Amino acid sequence: MTQTVAQRPTFSPWTDPESVPLIRFEGVSKRFGDFVAVDQVDLSIHAGEFFSLLGASGCGKTTLLRMLAGFETPTSGRIFIDGTDVSAIPPYERPVNMMFQSYALFPHMTVEQNVAFGLKQDGLPKAQIREKVRDVLDLVQMSRFGGRKPHQLSGGQRQRVALARCLAKEPKVLLLDEPLAALDRQLRERTQLELVGIQERVGITFVMVTHDQGEAMTMSSRIAVMNSGCLEQVGTPVEIYEYPGTRFVADFIGAANMFEGVVASDSDDLLVVTCPELESDLTISHGGSVPVGAPVTVMVRPEKMVVQRDRPSEGMNGVKGIVADIAYLGDVSIYHISLPSGRRVEVLRTNLRHTGEQELTWEDEVHLAWHPANAMVLTR
Amino acid sequence: MTALDRVARRWGRLIVGFPPYVWLLIFFLVPFLIVIKISLSQAVMGIPPYTPLLEWGEGAVLTIRIALGSFGTLFSDELYAFAYLNSLRLAAIATFCCLLLGYPAAYAIARSSHSVRNLLLLLVALPFWTSFLIRVYAWIGILKTEGLLNGLLLWLGIIDTPLQILETDLAVLIGMVYSYLPFMVLPLFATLEKMDLSLLEAAADLGCRPFQAFISVTLPLSLPGIVAGSLLVFIPAVGEFVIPDLLGGPDTLMIGKILWAEFFDNRDWPVASAVAVAMLILLVVPVMVFQRLQGRATEGTR
Ligand SMILES: Nc1ncnc2c1ncn2[C@@H]1O[C@H](COP(=O)(O)OP(=O)(O)OP(=O)(O)O)[C@@H](O)[C@H]1O
Ligand SMILES: [Mg+2]
């Protein structure tokens with residue numbers, strides 16, 4: 001595991017203009033009647049990636065995945081896998097395998113028969129099939145259950161069998177539709193790590209659908225955030241969280257305080273934004289170039305602010321307010337600060353001291369402070 | 001849950017589940033016992049036309065007189081064996097034909113859109129709205145020498161002389177397949193309809209062509225429906241009387257016809273009863289085999 005952590009930052013084929021993506025969506029749309037489920041998606045996924053599709057329910061994640069697997073045909077656009085246009089290739093000839101949300105294990109077959117099913121279709125010799133089945137069942141730690149039928153397994157065990165069944169085929173791409181949705185939180189967190197570990201060992205490209213942002217953040221090399229059929233942003237977990245491209249992404253990933261305003265001035269590296277909700281202007285140290293007078297949104301994450309009794313020092317952004325509410329979560333507390341304009345702002349504070357007593361309490365007058373580098377300007 | 005609750009629940013279940021069993025006990029088991037009783041007596045002229053099983057003799061001695069002669073008759077005259085075998089043969093062929101015709105139909109209905117599906121199901125059940133007897137009579141009109149079928153075939157020039165279909169085993173088969181087809185289609189539809197279609201997608205995803213997916217996924221998963229449908233066709237077909245009587249010829253030997261002849265033509269109730277009892281025993285064996293098969297097939301599919 002330590003080794004992988006060290007390797008990770010160097011794995012970023014998407015930044016390399018020479019690298020040819022394994023999967024390419026070109027202007028792919030899917031319509032069901034009048035309803036547009038997937039809208040003009042352009043997307044490249046590189047070999048070896050753990051790629052996540054993240055978005056609210058009904059935004060078209062499953063549809064996108066099913067088009068990749070071949071169960072849905074795009075209304076328009078083309079999909080390439082390893083350089084070949086797969087539009088006319090039926091699912092049973094595509095070099096991808098899908099792990100279904102419901103697992104879709106064959107109820108009349110044992111675990112071993114389920115795993116062997118795909119290999120039999122390839123016409124492998126019996127001995128080789130047996131060997132492979134044993135290997136993948138070992139990999140997912142299910143060798144002891146080879147003779148059981150799916151209904152004799154727990155949810156987590158079924159999920160492993162479903163994974164093993166796909167892995168046995170050694171596809172170029174493994175598609176996972178909310179693979180962990182049926183598991184309880186503890187098993188889920190453990191399985192997340194296992195899945196990443198397995199992905200690194202077998203070196204297969206994973207494309208995973210999820211609507212759990214924590215899951216997407218921990219597991220993925222890159223995340224595509226979808227919103228009603230469109231791709232909002234594609235990037236690494238850090239990019240998506242720290243540099244959201246749109247208001248939707250900022251709001252969808254993590255918590256965000258957003259202030260609407262207009263650009264007052266734009267000097268070399270400092271953007272000044274006037275917000276009607278705030279008494280003083282905000283400064284942001286990286287906003288790109290935004291024309292003066294343009295309407296923008298300033299986004300500050302709750303953990304990027306400090307809440308304090310004293311006035312913030314010069315050069316910091318400062319906002320005055322009173323403590324309206326405190327949500328104690330154990331490791332951290334979330335302070336809801338009420339501004340004079342009536343606006344509420346969330347601030348996250350680590351509970352550093354080993355005591356239940358808080359130094360700040362309800363109705364206290366406080367200042368919020370953050371460095372100009374800790375805010376983002378969003379124009380979309 | 002207290003002990004009282006448990007007791008109440010168990011009794012509740014018994015009370016709800018009981019009436020059908022009482023019904024069966026009175027209207028199936030009792031008549032059947034009477035049939036067994038008659039089969040063990042001897043035919044006599046009179047009313048009733050058989051000897052009593054129990055008799056109070058002199059000095060209040062209870063005599064039980066069991067006559068196995070009727071069953072002996074079944075073995076001595078090979079007519080009965082032929083009839084049994086022919087009944088089983090025709091019923092088996094009819095069941096197989098119903099399966100061949102019914103499976104694709106049930107499959108098509110199960111895979112059709114919801115609005116079409118209800119219409120198709122209604123059409124399957126539609127024949128029941130007319131009397132069974134009338135529908136079988138209608139087949140006489142179709143199958144007879146100068147009937148509709150021969151007329152059509154002659155007109156098309158496929159044959160020069162009319163075919164003798166009526167009064168043959170073939171006519172009986174056609175009648176049975178026609179009459180029992182809905183009993184095959186409906187249970188098949190029920191199992192095919194509740195099948196999880198993502199299993200077929202999973203099969204395709206794993207490299208399985210559609211036909212192979214049908215063989216290795218759909219077919220085994222629909223086995224309960226196949227078994228249920230086959231039983232519903234096979235069992236009544238073995239004992240069928242009306243169809244062979246109307247469509248079959250004088251040499252169409254079926255056990256239902258024999259039974260009728262023994263009862264009403266020969267007025268030999270004991271032999272008729274013995275025929276019925278033997279038929280039941282003959283049917284219980286295949287049914288138990290089927291039940292076992294079904295038990296194994298359905299394991300884990302729920
Ligand atoms: N076969 C279909 N016919 C009509 N509409 C469909 C069909 N399949 C999906 N849709 C619609 O397309 C939209 C996207 O569906 P999709 O299953 O891709 O959502 P999703 O992002 O996977 O959602 P979830 O997180 O709930 O699984 C939904 O609004 C859905 O109603
Ligand atoms: Mg989905």
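Among the conditions (1) within 14 Å of chain B (Cβ to nearest Cβ); (2) open to solvent by less than 20 Å² (accessible area, probe 1.4 Å), A:M142 misses just one, which is (1).
Take the residues in the range B:56-65 that are surrounded by 10 or more Cβ atoms within 10 Å (Cβ to Cβ) and at pLDDT 75 or above; name whichever of them is nearest to the chain's Cα centre (by Cα).
Of the residues in the range B:56-65, the ones surrounded by 10 or more Cβ atoms within 10 Å (Cβ to Cβ) are B:56, B:63, B:65.
Still in the running and at pLDDT 75 or above: B:63, B:65.
Numbers: B:T63: 39, B:R65: 34 Å.
Only one residue fits best here, namely B:R65.
If we scan the range B:200-212, do we find a residue that is within 14 Å of chain A (Cβ to nearest Cβ), basic (K, R), farther than 30 Å from A:L167 by Cβ and open to solvent by 30 Å² or more (accessible area, probe 1.4 Å)? So far as the range B:200-212 goes, no, none of its residues is within 14 Å of chain A (Cβ to nearest Cβ), basic (K, R), farther than 30 Å from A:L167 by Cβ and open to solvent by 30 Å² or more (accessible area, probe 1.4 Å).
For every residue, the table says whether it meets (1) away from ligand 2 (no atom under 16 Å from the Cβ); (2) at pLDDT below 90; (3) away from chain B (no Cβ under 14 Å).
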position: A:F50; (1), (2), (3): yes, no, yes
position: A:L53; (1), (2), (3): no, no, yes
position: A:A56; (1), (2), (3): no, yes, yes
position: A:S87; (1), (2), (3): yes, yes, yes
position: A:P90; (1), (2), (3): yes, no, no
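For every residue, the table says whether it meets (1) outside the structural domain of A:G318 (by TED's automatic domain parsing); (2) in a strand (DSSP E or B); (3) open to solvent by less than 30 Å² (accessible area, probe 1.4 Å).
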site: A:V238; (1), (2), (3): yes, no, no
site: A:P244; (1), (2), (3): yes, no, yes
site: A:V263; (1), (2), (3): no, yes, yes
site: A:V273; (1), (2), (3): no, yes, yes
site: A:E279; (1), (2), (3): no, no, no
site: A:H286; (1), (2), (3): no, no, no
site: A:V290; (1), (2), (3): no, no, yes
site: A:V298; (1), (2), (3): no, yes, yes
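Pairs linking a residue in the range A:53-72 that is polar (S, T, N, Q) to a residue that is more than 6 Å from ligand 1 (Cβ to nearest atom) and open to solvent by 10 Å² or more (accessible area, probe 1.4 Å), with Cβ atoms under 7 Å and 6 or more positions apart or on different chains, are A:T63/A:K30; A:T63/A:E72.
Only residues that are exposed (fewer than 12 other Cβ atoms within 10 Å of the Cβ) and modelled with pLDDT under 90 were counted across the range B:69-113, and they come to 3.
Look at the range A:88-136 and say how many of its residues are within 16 Å of ligand 1 (Cβ to nearest atom) and outside any loop (DSSP other than H, G, I, E, B).
Step one: of the range A:88-136, the residues within 16 Å of ligand 1 (Cβ to nearest atom) are A:91, A:98-104.
If we keep only those that are outside any loop (DSSP other than H, G, I, E, B) too, we end up with A:91, A:98-99.
Going through the range A:88-136 one residue at a time, the tally reaches 3.
Against the list (1) modelled with pLDDT of 85 or more; (2) surrounded by 11 or more Cβ atoms within 10 Å (Cβ to Cβ); (3) over 22 Å from A:A250 (Cα atoms), the condition A:L329 fails is (2). A residue that is modelled with pLDDT under 90, open to solvent by 50 Å² or more (accessible area, probe 1.4 Å) and not polar (S, T, N, Q) can be found somewhere in the range B:151-158. Of the residues making up the range A:186-200, not a single one is within 14 Å of chain B (Cβ to nearest Cβ) and either within 16 Å of ligand 2 (Cβ to nearest atom) or charged (D, E, K, R) (or both). Checking the structure you have, find out if any residue of the range B:177-188 is within 14 Å of chain A (Cβ to nearest Cβ), out of contact with any Pro (no Cβ under 6 Å at 6 or more places or on another chain), in a helix (DSSP H, G or I) and open to solvent by 40 Å² or more (accessible area, probe 1.4 Å). The answer is no; no qualifying residue exists.
Every listed requirement among (1) within 16 Å of ligand 1 (Cβ to nearest atom); (2) part of a helix (DSSP H, G or I); (3) open to solvent by 20 Å² or more (accessible area, probe 1.4 Å) is met by A:L64 save one, (3).
Whether a residue is out of contact with any helix residue (DSSP H, G or I) (no Cβ under 8 Å at 6 or more places or on another chain) and more than 16 Å from ligand 2 (Cβ to nearest atom) was assessed, and A:I23 does not pass this test.
The values are calculated or read from the model by the stated rules, or taken from the named source; none is laboratory data. Since this is a predicted model, take the numbers as computed values, not measurements. Cβ atoms come from the backbone with ideal geometry, glycine included; neighbour counts cover every protein chain shown. Quick note on the areas: whole protein, heavy atoms, side chains included, nothing else; ligands and nucleic acids left out. Shrake-Rupley method; radii C 1.70, N 1.55, O 1.52, S 1.80 Å.
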